[in-house]
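Right, one structure below, let's go through it.
The values are calculated or read from the model by the stated rules, or taken from the named source; none is laboratory data. From a predicted model like this one, the values you see are computed outputs, not experimental measurements. Every residue, glycine among them, receives a Cβ derived from its backbone with ideal geometry; neighbour counts consider all protein chains shown. Heavy atoms of the whole protein, side chains included, go into the accessibility calculation; ligands, DNA and RNA do not. Shrake-Rupley method; radii C 1.70, N 1.55, O 1.52, S 1.80 Å.
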Amino acid sequence: MNGELRDLYQEVIIDHGKRPRNFRLLEGATRTAEGFNPLCGDQLRVYVKLADGVIEDIAFQGAGCAISQASASLMTLAVKGQTPAQALALFARVHALLTEGPHALEPPAELGKLAVLSGVWEFPVRVKCATLAWHTLRSALEGGDAPVSTE
Ligand code: ZN
């Protein structure tokens, strides 16, 4: 990855980490789940409103490092309007990106803004920060109510 692209990705992560989108309690949520990453101390709760088979609205609340907040923020933007199956398929792509690196992005454009997470794979200790929101979303979609831990 060239330096300019890396800087741009970092800017987006810092922006979303500081001003996370959809950071709120979601009135009328039909699903919710809680996630915790003991490695870093990140915790969050994801709220999902399912209607007509799609994620009509999604929001989250919590506290944690910039990467966990930014990843949750970007996730809410990416999966809104998707079916649960589409959202879980997207998680699989994001997981591959985070654990295998940018070469897992084929074709590159498919992940849209989530591509900014591609720098995270160079910092394995941060991967769990970035996947926490997604694990929690999966738990919410699958209807589990036990808290999710990345450990
Ligand atoms: Zn973290």
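Worth pointing out:
- Test: residue in region 6-21 that is in a strand (DSSP E or B) and either within 16 Å of the ligand (Cβ to nearest atom) or open to solvent by 50 Å² or more (accessible area, probe 1.4 Å) (or both): no
- Condition check for THR30: open to solvent by 50 Å² or more (accessible area, probe 1.4 Å) and of a type in the set (Ser, Thr, Tyr): yes
- VAL48 being closer than 18 Å to LEU111 by Cβ and either of a type in the set (Asp, Glu) or within 15 Å of the chain's Cα centre (by Cα) (or both): no
- Criterion applied to VAL46, VAL79, VAL12 was being hydrophobic (A, V, I, L, M, F, W, C) and modelled with pLDDT under 95, and the one residue passing it is VAL12.
- Test: residue in region 71-81 that is at negative phi, open to solvent by 70 Å² or more (accessible area, probe 1.4 Å), away from the ligand (no atom under 16 Å from the Cβ) and not in a loop (DSSP other than H, G, I, E, B): yes
- Test: LEU98 is part of a helix (DSSP H, G or I), within 16 Å of the ligand (Cβ to nearest atom) and of a type in the set (A, V, I, L, M, F, W, C): yes
- Sole residue being free of Cβ contacts under 8 Å to residues at least 40 places away in the same chain and closer than 19 Å to VAL148 by Cα, chosen from ALA130, ALA29: ALA29
- In region 82-95, the qualifying residues are those that are farther than 22 Å from TRP121 by Cα and open to solvent by 50 Å² or more (accessible area, probe 1.4 Å), and the one that is nearest to the ligand (Cβ to nearest atom) is GLN86.
- Any hit, region 34-49, residues being away from the ligand (no atom under 16 Å from the Cβ), under 16 Å from LEU137 (Cβ atoms), part of a strand (DSSP E or B) and touching a residue at least 24 places away in the same chain (Cβ under 8 Å): yes
- Subset of region 50-75 [among the small types (Gly, Ala, Ser) and touching a residue at least 40 places away in the same chain (Cβ under 8 Å)]: GLY64, ALA66, SER68, ALA70, SER71, ALA72, SER73
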